[in-house]
Amino acid sequence: MAVNPVKGDLWLRSYNPAPGSEVRMVCFPHAGGSAPFYFPMAKAFPSSVEILAVQYPGRQERRAESLVGDIDRLADALFEVLRPLTDKPLALFGHSMGAVVAFEVAQRLENLAETVPVALFASGRRAPSRHRDERVHTLDDRGLIADLRELNGTDSALLGDDDLLELILPSVRNDYRAVETYRWRPAPKLNCPITVFTGDGDPRVSADEASAWEQHTTGEFALRTYHGGHFFLTDHQEDINAAVLDRILTSRR
């Protein structure tokens, strides 16, 4: 797997370097996730779209850095990272916690940099305005692992390896805390189009909560529902890639 930091930046990884691309799409991982989660997507896209995957602090090669346990602080830092990259149109894709971070970054791009993303793709996450009182981050390690098993997005072999669990659980708990303590603040709607991907069996997102994303944009809205749980996208990657590419290409016409 080729790992290419973007201009030496620790925050971004490029798995499909495309200097001649028309659009950059920045992908934000889920809680406990890391940049390589988006490697399959990056390799499937044409050179007209460069995929940049976010690497949060405190994991993999950034393990020595302090974790960021606050969505707003994370979005502030990523806004500063992405601001110099607005010389090309930007699309944003986020799954689960990543969808919330992507949304907050989109707000900052529009309000502070006068840059409207060509698209925001929110996967596996309810609308920011729909709050649930979730406190998984307060559970002990056993409870946290049980939740990971339920969501079925973590390799079962990893969940049975105590040494590996010791490495990943701090970042998982940190990210759960960040997203579970996040509170949306009423603000002007985004102008960029929003496309939502959701699983019909996702315990974290109801159909109504997914539809509520429409209330956060003045632009076009689309909702695509797939069979599956919280990590439905791994089973429908090809179809989701096609939908993302079609939305981006439509925005460029």
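The values are calculated or read from the model by the stated rules, or taken from the named source; none is laboratory data. Quick caveat: nothing in here was measured; it's all calculated off a predicted structure. Counting neighbours? That spans all protein chains shown, and the Cβs are built from the backbone with ideal geometry, glycine included. The protein model used for the area step is the full one, side chains on, heavy atoms only, and it has no ligands, DNA or RNA in it. Shrake-Rupley method; radii C 1.70, N 1.55, O 1.52, S 1.80 Å.
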Accessible surface, the chain, averaged per residue in Å² (probe 1.4 Å) | 44 Å²
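Would you mind getting the Kirkwood hydrodynamic radius of the chain from its Cα pairs, rounded to one decimal in Å? If you can, show how the numbers build up before the last one.
Details: mean 1/r = 0.0549 Å⁻¹.
The Cα-based Kirkwood calculation yields 18.2 Å.
Highest mean first, what order results for 93-103, 74-84, 192-202 on Cβ atoms within 10 Å? Intermediate values should be presented prior to the final figure.
Numbers: 93-103: 26.5, 74-84: 17.9, 192-202: 21.9.
In decreasing order of mean packing, 93-103, 74-84, 192-202 become 93-103, 192-202, 74-84.
Ratio to report: Rg/Rh of region 70-135, with Cα atoms as the point set and Rh obtained by the Kirkwood method; give two decimals.
Working: Rg = 12.0 Å, Rh = 12.2 Å.
Radius of gyration relative to Kirkwood radius: 0.98.
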Determine, at each q value in 0.18 (inverse angstroms), the log₁₀ of I(q)/I(0) that the Debye formula gives when each Cα of region 35-154 is one equal point scatterer.
-> -1.17
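At 4 °C and a viscosity of 1.567 mPa s, what translational diffusion coefficient does Stokes-Einstein give for region 1-83, taking Rh as the Kirkwood radius over Cα pairs? Give it in µm²/s as a whole number.
Working: Rh = 13.1 Å.
My calculation gives 99 µm²/s for D.
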Note down the relative contact order for region 9-144 as a percent, whole number, built from C-alpha pairs under 8 angstrom at least six residues apart.
-> 24 percent
Counting only residues 5 or more apart in sequence or on a different chain, those whose built amide H sits under 5 Å from that of L12 are V6, Q55
Label T86 and R252 with points 7 Å out from Cα along Cα→Cβ: what is the distance between them in nm?
-> 2.1 nm
Packing-based order for 109-115, 242-248, 33-39, using average beta carbon neighbours within 10 Å, highest first | 33-39, 242-248, 109-115
How far apart, in nm, are two points set 7 Å out from the Cα along the Cα-to-Cβ line at L10 and at E22?
-> 3.6 nm
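Once the piece of chain linking L169 and A113 is laid out straight, how much longer is it, given 0.36 nm per residue of separation minus the C-alpha distance between them?
Numbers: separation 56, 0.36 × 56 = 20.16 nm, distance 3.55 nm.
Contour length minus Cα-Cα distance gives 16.6 nm.
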Structure-based [θ]222 nm, the chain - -39500 (n - 2.57) summed over DSSP H runs of at least 4, per residue, nearest 500 = -10500 deg cm²/dmol
Over the chain, with every protein chain in place, what whole percent of the accessible area is carbon and sulfur at 1.4 Å, could you tell me?
-> 49 percent
Does a label point 7 Å from the Cα of T225, set along Cα-to-beta-carbon, have any residues of region 174-199 with amide nitrogen under 15 Å, and which are they?
-> 196-199
Contour minus end-to-end for R73 and A207, with contour as 0.36 nm per residue of separation and end-to-end as the Cα-Cα distance?
-> 45.3 nm
